[in-house]
Amino acid sequence: MTTAARRPHTEVDPSDRTIDAWRGFVPGPWQDGIDVRDFIQTNYTPYEGDAGFDLVSVEAALLAPGTRASLGCGIAIELPEGTCGLVLPRSGLARDHGVTVVNSPGLVDSGYRGELRVTLLNTDASAAFRVEPGMRIAQLVVVALPAIAVTVHDSLAASARGEQGFGSSGRV
C-alpha cells in the first residue's frame, strides 16, 4: 500500500458522495485505508459508520428476465494485507427489481489490482432491468482476515452436528 496521507473521516464532507471526497477515507476502526485507482470519478463513499462502499457501473446493460451481465465498476483497489473485499448485492435492487449479485459474496483478494467487476442477475420472471452508467449496483465490504494455519489430520474432532449439512438443522 502506498503511504499517501490519510484524512480522518471528520474531514470528509458527508454531503459529497464522490470518490474524491473519500480518497484516503478511513471507515470505522481501520488503521489502514484503501488505495483506489479510479477510472471515472463517480464511485461513492458510505455514510460514517456504514459497512460497505457503493460500487457503480460504468457500463450500460439490459438484463432480460433470468439473464446476467458482468459490469465494470471503473475502479481498481489496493486492499491492506490481511484483508479481503466482499462484493454484496444492494438490498434495494433485490427488493424492488429482483436484481442480485450472482456469486454473492464476490471475493476480492488483497493482491488483485484489476478493475472491479460485478456480475448481476435479474431474477424477475417477467420484467427486464436496465443498468445505466453511474448506477449503484453493489457494495464492497472490507473484512479483516485472521491468520490461519492448515493442518492435515486423518480425522476431525466430533461435534453435535457431525457431517449433517444442507437443511439438516431442524429435522426431527
Quiz item: Packing-wise, with mean Cβ within 10 Å as the measure, how do 68-76, 161-169, 80-88, 126-134 rank, highest first?
Solution: 68-76, 80-88, 126-134, 161-169
Exercise. Output ³J(HN,Hα) for the stretch 148-161: one whole-Hz value per residue in order, computed from phi by the Karplus curve 6.51 cos²θ - 1.76 cosθ + 1.60 with θ = phi - 60°, and x for Gly and Pro.
Key: 10, 9, 9, 10, 8, 10, 6, 8, 10, 4, 5, 9, 4, 7
Quiz item: Within the stretch 90-124, which trypsin sites (Lys or Arg not before Pro) sit in a loop by DSSP and count at most 14 neighbouring Cβ atoms inside 10 Å?
Solution: Arg113
Quiz item: Taking R0 as 25 Å, what's the FRET efficiency between Glu48 and Val102 from their Cβ-Cβ distance, rounded to 0.05?
Solution: 0.25
Exercise. For Gly134, enumerate residues with amide H under 5 Å from its amide H, sequence gap 5+ or separate chain, H modeled in the peptide plane.
Key: Ser57, Val58, Glu59
Quiz prompt | Charge dipole of the stretch 79-153 about the Cα centre (unit charges at C-beta), most positive-ward option of Pro146, Gly92, Gly82 | solution = Gly92
Exercise. Only Lys, Arg, Asp and Glu count, each charged at its Cβ (+1, +1, -1, -1), so figure out the dipole size of the stretch 118-172 about its Cα centre, rounded to 20 debye.
Key: 160 debye
Self-check item: Label-to-label distance, nm, for residues given as Ala76 and Ala127 (7 Å Cα→Cβ offset)
Solution: 3.8 nm
Practice problem: List, in order, the whole-Hz ³J(HN,Hα) value for each residue of the stretch 60-70 obtained from phi through the Karplus relation with A = 6.51, B = -1.76, C = 1.60 and θ = phi - 60°; use x for Gly and Pro. | Solution: 8, 7, 10, 9, 5, x, x, 9, 10, 8, 8
Quiz item: Taking 0.36 nm per residue of separation and subtracting the Cα-Cα distance, what length does fully extending Ser91 through Ala157 add?
Solution: 19.9 nm
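Throughout, read-outs are computed from the coordinates displayed, never taken from laboratory work. Since we're looking at a predicted model, the values are computed, not measured. Note that we place each Cβ from the backbone using ideal geometry, even for glycine, and neighbour counts take in every protein chain shown.
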